[in-house]
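A.B. asks: Have a look at this one before I ask anything.
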Amino acid sequence: MSSARLTYDGPALQAHTMDVRLLAPALLAFGDLAEEAARALWGDQISVKVEVKASFKTGSFGIDLTVAADLAQQVMQWLRGETATSLVNGASLLGTIGGLIGALQWLRGRRPRGVETTPDGKRRLLCDDGDAITVEEHTIVLLRHLRVREHLWQVVAPIERDGVDTVALGTDERIDAVVTREQAAWFVPPPADETVVHEDERTMAFSIVSLSFKEGNKWRLSDGNVTAFVEVADQDFLSRVDRNLVRFAKGDLIIGRTRITQRLMPDGNLRTDYTLLSVQEHRPGAPQIELPLA
């Protein structure tokens, strides 16, 4: 178990008091930050909890908290060979969060151009202006984790209020990071982006549910299991449709090469998109009688 000290400083805090409407969300966010960072780094192998200690020291407004990793859980998993993770304690987790803060201060609001691996196994953040910094792998993991970034911003956010100038994070033995009001904007998390998690191309058959011939609209088709809006990207086929060379009825079949793209959305849900790249065949949906050709 490790003691973390979260300290806010500024003219409004000289009496060692702080508006509870500022403090409560920041404390909750710090607990969420520690738990989410541990989950991002070690999954369900290690659980972390944060508790407020009944100790308020002199100086600016500071809060002592305990950050405890479940060591018994770690030892049992290590003995069973379920994890190669070295034993983790609250202090190491705080140091890792401090590394994330340091990386964001170095970036100064810039978005990294990329990440590369150094010969000694470290990671390098690269920016478009040629600037680069070497960081630990754990820092990269947390930098990419949107929820961690959101919780960290909630911890930093009080310094944007009048009379609160800095926030510091550390332990009884060290200060891991200090953030000033001038740096606050660097900690605002980027907007959530959708992420492509899988993409595949295959030949598929769709039955027509409804069509839209307005430019940019998608056709409502069914593959027999799922009814979806399918983007038709075959321009030659669309040109034939525009010239009335192809006529459709509900239930007709369209067979063609299709790209299936699965995206992870900002809300954590998966979305599947279909793009009909080339139409290979159009079959009437009404039953047909096969006649032998002479």
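A.B. asks: Return the pairs, sorted by first residue and then second, in which the second residue is not aromatic (Phe, Trp, Tyr), the first residue lies in region 231-254 and is part of a helix (DSSP H, G or I), the beta carbons are less than 7 Å apart, and the residues are 6+ apart or on different chains.
C.D. replies: Going by the 7 Å Cβ cut-off, the qualifying pairs are Phe237/Val279; Leu238/Val232; Arg240/Val246.
A.B. asks: Are any residues in region 234-276 within 30 Å of Ala192 (Cα to Cα) and exposed (fewer than 15 other Cβ atoms within 10 Å of the Cβ), and if so, which ones?
C.D. replies: Gln262, Met265, Pro266, Asp267, Gly268, Asn269, Leu270, Arg271, Thr272
A.B. asks: Restricting attention to region 102-138, report how many residues are over 19 Å from Ala184 (Cα atoms), assigned to a helix (DSSP H, G or I) and touching a residue at least 40 places away in the same chain (Cβ under 8 Å).
C.D. replies: Residues flagged as over 19 Å from Ala184 (Cα atoms), assigned to a helix (DSSP H, G or I) and touching a residue at least 40 places away in the same chain (Cβ under 8 Å) within region 102-138 amount to 1.
A.B. asks: May I ask you to say which residue of Lys57, Lys49 is in a loop (DSSP other than H, G, I, E, B), over 18 Å from Ala177 (Cβ atoms), at pLDDT below 85 and among the basic types (Lys, Arg)?
C.D. replies: Lys57
The values are calculated or read from the model by the stated rules, or taken from the named source; none is laboratory data. Small disclaimer: the values here were computed from a predicted structure and weren't measured. Positions of Cβ are backbone-derived with ideal geometry, glycine not excepted, and every protein chain shown enters the neighbour counts.
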